[in-house]
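Visitor: Structure incoming, see below.
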Amino acid sequence: MFDKPLDGILNREFRVAENADQLHILSDLFKKMVNYSTHALGRSMKSSRDKPRESTLILLFYRHIFEMLDAIEVLVAQSVFNPNSLLVRSSSEALLYMHYIVEKDTIRRARSFVYVKGLEKLRWKKMFKNGSEERKRIIKELKKDSSFVGKTGIPKFTDAPNRVKDDEEYLNSDYFKEIRSEYKKSKCKRWHALFSGYNDLEILARKLGRIGIYEFYYRRYSEAMHAENILKSINEGEDGMLSIKPLRLADEAEDLVIFGVYVWYEATKLLLEYFRPQEVSKYEQDAKQSIYPYLKDFKKR
């Protein structure tokens with residue numbers, strides 16, 4: 001049983017052969033988009049020297065987006081489709097954050113992200129530091145945890161306790177003075193809520209004029225993130241009998257193509273508009289010539 005899966009549930013070789021045409025188009029498409037993104041990122045990194053240091057966050061969000069697209073290419077090459085929902089959801093969220101930081105007040109919004117995420121990571125690291133309140137709390141709670149994780153205790157992350165002091169000094173530095181003050185006053189502790197921002201990501205998307213990203217990609221694929229989309233894996237026969245679908249079906253291939261082109265196009269355009277506006281027109285022409293034909297080609301099949 002460990003050496004070979006049950007064919008009715010998983011047949012790796014058969015699915016790759018069955019979906020060969022679709023897989024070839026998808027793989028080639030995503031490779032081209034990722035390839036272009038590496039060059040766009042490289043050129044933008046050079047231009048970032050003339051921008052505030054906080055603009056680095058824009059580069060990082062963009063890198064995250066095309067790293068997710070790169071992972072999708074690896075998965076679809078093996079006819080793996082459903083797990084890509086997690087990558088789609090993550091990419092769509094990163095795109096919304098990228099829009100929010102670029103829109104205005106880039107320095108404070110970027111610093112807010114770094115500060116709030118730094119606090120969250122600091123609390124996590126303190127669980128591994130002897131004597132900390134966070135460690136005492138988790139040890140007490142693990143006594144009630146009957147799972148494998150609870151029985152094995154706190155895992156050892158050797159570097160985490162050593163970084164606590166450095167992180168505390170960084171987050172308490174003058175660099176974050178304005179952010180700390182705003183964070184203490186804010187009822188909502190989400191980074192995008194600070195400085196009269198938006199508590200809710202849906203509201204943020206609507207205010208940015210990007211509700212489509214939220215509704216069609218973030219909201220839809222959040223179900224996969226929270227394991228709430230499992231019912232779609234059920235088949236009902238003519239006799240009313242239920243069965244579970246096998247793995248690696250290509251039933252969401254077209255959605256994946258549309259999403260991939262959309263998020264790549266918008267993220268890359270946003271990046272270039274901020275760092276290399278002189279290249280935007282050329283980029284739009286290149287995308288129409290090299291990427292858009294894949295949409296038509298895929299729909300023909």
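The values are calculated or read from the model by the stated rules, or taken from the named source; none is laboratory data. Just so it is clear, the structure is predicted and the values come from calculations on it, not from any experiment. So basically every Cβ, Gly included, is an ideal-geometry build from the backbone, and we count neighbours across all protein chains shown.
Visitor: Only one of these is in a helix (DSSP H, G or I), farther than 23 Å from Glu228 by Cβ and not acidic (Asp, Glu): Leu59, Leu96. Name it. Steps first, answer last, please.
Guide: Numbers: Leu96 fails: farther than 23 Å from Glu228 by Cβ.
Just a single option satisfies the conditions, and that option is Leu59.
Visitor: Considering only the stretch 19-70, how many residues are under 14 Å from Ala267 (Cα atoms) and in contact with an Asp or Glu (Cβ under 7 Å, 6 or more places away or on another chain)?
Guide: Within the stretch 19-70, residues that are under 14 Å from Ala267 (Cα atoms) and in contact with an Asp or Glu (Cβ under 7 Å, 6 or more places away or on another chain) number 1.
Visitor: Just one of Leu95, Leu29, Leu60, Leu41 is buried (at least 21 other Cβ atoms within 10 Å of the Cβ) and at pLDDT 95 or above; which is it?
Guide: Working: Leu29 fails: at pLDDT 95 or above; Leu60 fails: buried (at least 21 other Cβ atoms within 10 Å of the Cβ); Leu41 fails: buried (at least 21 other Cβ atoms within 10 Å of the Cβ).
Of the residues listed, the single one that is buried (at least 21 other Cβ atoms within 10 Å of the Cβ) and at pLDDT 95 or above is Leu95.
Visitor: How many residues are under 10 Å from the mean Cα position of the chain (by Cα) and touching a residue at least 40 places away in the same chain (Cβ under 8 Å) when one looks only at the stretch 66-84? Give the derivation first.
Guide: Initial filter on the stretch 66-84 (under 10 Å from the mean Cα position of the chain (by Cα)): 66-69.
Among the residues that remain, those that are also touching a residue at least 40 places away in the same chain (Cβ under 8 Å) are: 66, 69.
Matching residues across the stretch 66-84 total 2.
Visitor: Considering only residues that are surrounded by 10 or more Cβ atoms within 10 Å (Cβ to Cβ) and either of a type in the set (S, T, N, Q) or at pLDDT 85 or above (or both), which ones fall in the stretch 153-163?
Guide: Filtering the stretch 153-163 for residues surrounded by 10 or more Cβ atoms within 10 Å (Cβ to Cβ) gives 153-154, 157, 160-163.
Of everything in the stretch 153-163, just one residue is surrounded by 10 or more Cβ atoms within 10 Å (Cβ to Cβ) and either of a type in the set (S, T, N, Q) or at pLDDT 85 or above (or both), namely Asn162.
Visitor: Condition check: surrounded by 14 or more Cβ atoms within 10 Å (Cβ to Cβ), in the same structural domain as Pro83 (by TED's automatic domain parsing) and among the acidic types (Asp, Glu). Does Glu228 satisfy that?
Guide: no
Visitor: Follow-up. Leu23 fails exactly one of the following numbered conditions: (1) touching a Phe, Trp or Tyr at 6+ places or on another chain (Cβ under 9 Å); (2) at pLDDT below 95; (3) not in a loop (DSSP other than H, G, I, E, B). What is the number of that condition?
Guide: For Leu23, the exception is condition (1).
Visitor: Here's something else I'd like to know. Looking only at the stretch 164-185, count every residue that is at pLDDT below 95 and either of a type in the set (S, T, N, Q) or not in a helix (DSSP H, G or I) (or both) and tell me the total.
Guide: So the count comes out to 0.
Visitor: For Val149, only one of the following conditions fails: (1) among the aliphatic types (A, V, I, L, M); (2) over 18 Å from Arg53 (Cβ atoms); (3) in contact (Cβ under 8 Å) with a residue 12 or more places away in the chain. What is its number?
Guide: Val149 satisfies every listed condition except (3).
Visitor: From the list Leu122, Leu194, exactly one residue is touching a Ser or Thr at 6+ places or on another chain (Cβ under 6 Å) and surrounded by 12 or more Cβ atoms within 10 Å (Cβ to Cβ). Which is it?
Guide: Working: Leu122 fails: touching a Ser or Thr at 6+ places or on another chain (Cβ under 6 Å).
So the residue among Leu122, Leu194 that is touching a Ser or Thr at 6+ places or on another chain (Cβ under 6 Å) and surrounded by 12 or more Cβ atoms within 10 Å (Cβ to Cβ) is Leu194.
Visitor: Across the stretch 169-191, which residue is nearest to Tyr100 (Cα to Cα) among those that are surrounded by 15 or more Cβ atoms within 10 Å (Cβ to Cβ) and without any contact (Cβ under 8 Å) to a residue 60 or more places away in the chain?
Guide: Checked the stretch 169-191; the qualifying residue nearest to Tyr100 (Cα to Cα) is Ser186.
Visitor: Here is a follow-up. Residues that are of a type in the set (A, V, I, L, M) and within 24 Å of the chain's Cα centre (by Cα): which helices (runs of 4 or more DSSP H) entirely in the stretch 212-295 hold 2 or more of them?
Guide: Qualifying helices (runs of 4 or more DSSP H): 220-225, 253-275.
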